Amino acid sequence: MALNLPVSPHLSARFNADATGELTIDGAPEWFAEESTQRLREVVLSRVGEIAASAGHPVQLMVSDEEGDWLLAVHPDGTIGDEEELPPEVDAAPTAAAGSPSAGGPALGASPSAAGFAPDESPAPAPVALLPRSAPERESFLYVEKPRPDRARRGVRGALARAGIPLEPSAAELRERAELDAVSRHWAGPRTIAIVNGKGGANKTPTTALLSAVFARSGGSGVLAWDNNETRGTLGWRTEQDDHDATVQSLLPATDSLLAAEARTADIGHFVHHQNADKYDVLRSNPTMLATEQRISSADFDLLHTVATKFYRLVFIDSGNDESAERWLRMIDHTDQLVIATTALGEHAEAGALLLEALLQRDANSARLARDAVVIVSQSERTGPASDVRRVAAGFEPLARRAVTIPFDPEMHGGRLSFDTLSPRTRRAWLHAAAAVAEGL
């Protein structure tokens, strides 16, 4: 039932993801910028409370953010409520009744007369048999708790829910929760994900690093990003370096000792570089060496992959550009999920499509990988229209299982790759892309 609030003043508020917002009072805007979205909501709602106090009655506020639009009632005392009455909450704590134990049989230590013998009788001693007795009935302590009502956790709805207003999560929040659950799983056995495109500059390295970050930050440790490029692989340049300079070439001679039974989990730390904020490890190539000096055979790749899957549950491989190299072809043989990385540029997209078509003809496993591939199309130009990215993604739909898009973000172009520095919109897009990959694992 509606609360029949006065229609004046007319109030509406808009909250943006960058902690800026606007409050419109009878058509006159006021702008706000705070250090966080939480602080922004508090400041704007406090301002509306002042307006309600001046008016002497509750006021109606239309709130808009990335999750949708809804009406709130703001009272002169600063309290906030929905415009619609909510049903009374149901007590979620069931009452458990404890059972009463009962005792049976004669008490130990009873006198002979109490046991049925006359005082002058002297019965022959007999062995005492302890007969099993059934346990008294009782209610289990492990009762099934009634489900608690789901409440919003994000955005304005989440802030109001934490303040005691029982708002349900929006559809957007529910989708985000489902995708977080998908990338947080731990599968039985290791999984290998190859990020490929035969054209250089197609965004393979950022795709490798940021997918690794999403899975590691959400699902915990055990994620490796491996630079399988023998021609100037740059994954090491764009990620954190530990206090050593180990590369794939450093690891290869140590594979036997790492595969020995006495090898410890921490021993792999001598050869990989941990990303402190993003929680995954990097196995670097050496971009200062010529390709002829760091060739890896199929047998070498098999050893490296065996070590990687012994110490890590998820292995993301930045493939490099040489599709004829032994290490590239052997990578495909070990892959569980194929990812085509591309930008909206025609030559990058065409190279990715040609690769999928070639894999369809290679063998049965390669054909399966191609059909189940995920294509991640990144907007590489600030001025490039988003429609170009969507058009390229749509063009891959007949070739692959999923095609998803990533908006332009300057933090993806040059310098160290860090998930925290990306815009909220870009982080959300990478979670969506990672969930698409998780579907194939």
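Measuring from label point to label point, each 7 Å out along Cα→Cβ, what is the ARG264 to ASP322 span in nm?
In this crude label model, ARG264 to ASP322 measures out at 3.8 nm.
Per residue, how many Å² of accessible area does the stretch 17-64 show with a 1.4 Å probe?
50
Let me check I've understood the local charge: for GLU326, count other residues with C-beta under 13 angstrom from its C-beta, Lys and Arg +1, Asp and Glu -1. What total comes out? Mind dumping the intermediate values first?
Values: positive: ARG295, ARG327, ARG330; negative: GLU230, ASP300, ASP302, ASP322, GLU323, ASP333.
Around GLU326, the surrounding residues sum to -3.
Please give the charge dipole size of the stretch 135-247, origin at the Cα centre, charges +1 on K and R Cβ atoms and -1 on D and E Cβ atoms. Round to the nearest 20 debye.
Values: 17 positive and 15 negative charges, 104 e Å.
Result for the stretch 135-247 is approximately 500 debye, rounded to the nearest 20.
Looking at the square roots a ≥ b ≥ c of the eigenvalues of the Cα gyration tensor of the stretch 148-278, which shape do they give, rounded for a/c under 1.5, prolate if a/b is larger than b/c, or oblate? Present the calculation step by step, with values, prior to reporting the outcome.
On the way: a/c = 2.78, a/b = 2.01, b/c = 1.38.
Prolate is the answer for the stretch 148-278, as a/c is 1.5 or above and a/b outweighs b/c.
Applying 1/(1 + (r/R0)^6) with R0 = 25 Å to the Cβ-Cβ distance of GLU168 and LEU441, what FRET efficiency is obtained, to the nearest 0.05?
Working: r = 31 Å, r/R0 = 1.23.
That gives a FRET efficiency of 0.25.
Taking every Cα atom in the stretch 166-243, find the radius of gyration and the maximum pairwise distance Dmax, and write them in Å.
16.1, 57
Calculate the FRET efficiency for GLN361 and GLU42 from the Cβ-Cβ distance with a Förster distance of 51 Å, rounded to the nearest 0.05.
Details: r = 60 Å, r/R0 = 1.18.
My answer for the efficiency is 0.25.
What does the charge add up to near ALA351, with Lys and Arg as +1, Asp and Glu as -1, over the other residues with Cβ less than 14 Å from its Cβ?
Details: positive: LYS199, LYS204; negative: ASP322, GLU323, GLU347, GLU350, GLU357.
Taking every Cβ under 14 Å from that of ALA351, the sum is -3.
The values are calculated or read from the model by the stated rules, or taken from the named source; none is laboratory data. The structure presented is a predicted model; accordingly, all values stated were derived computationally and were not measured. We place every Cβ from the backbone using ideal geometry, glycine too, and count neighbours over all the protein chains shown. Just so you know, the surface numbers come from the protein's heavy atoms only, side chains and all, with ligands and any DNA or RNA stripped out. Shrake-Rupley method; radii C 1.70, N 1.55, O 1.52, S 1.80 Å.
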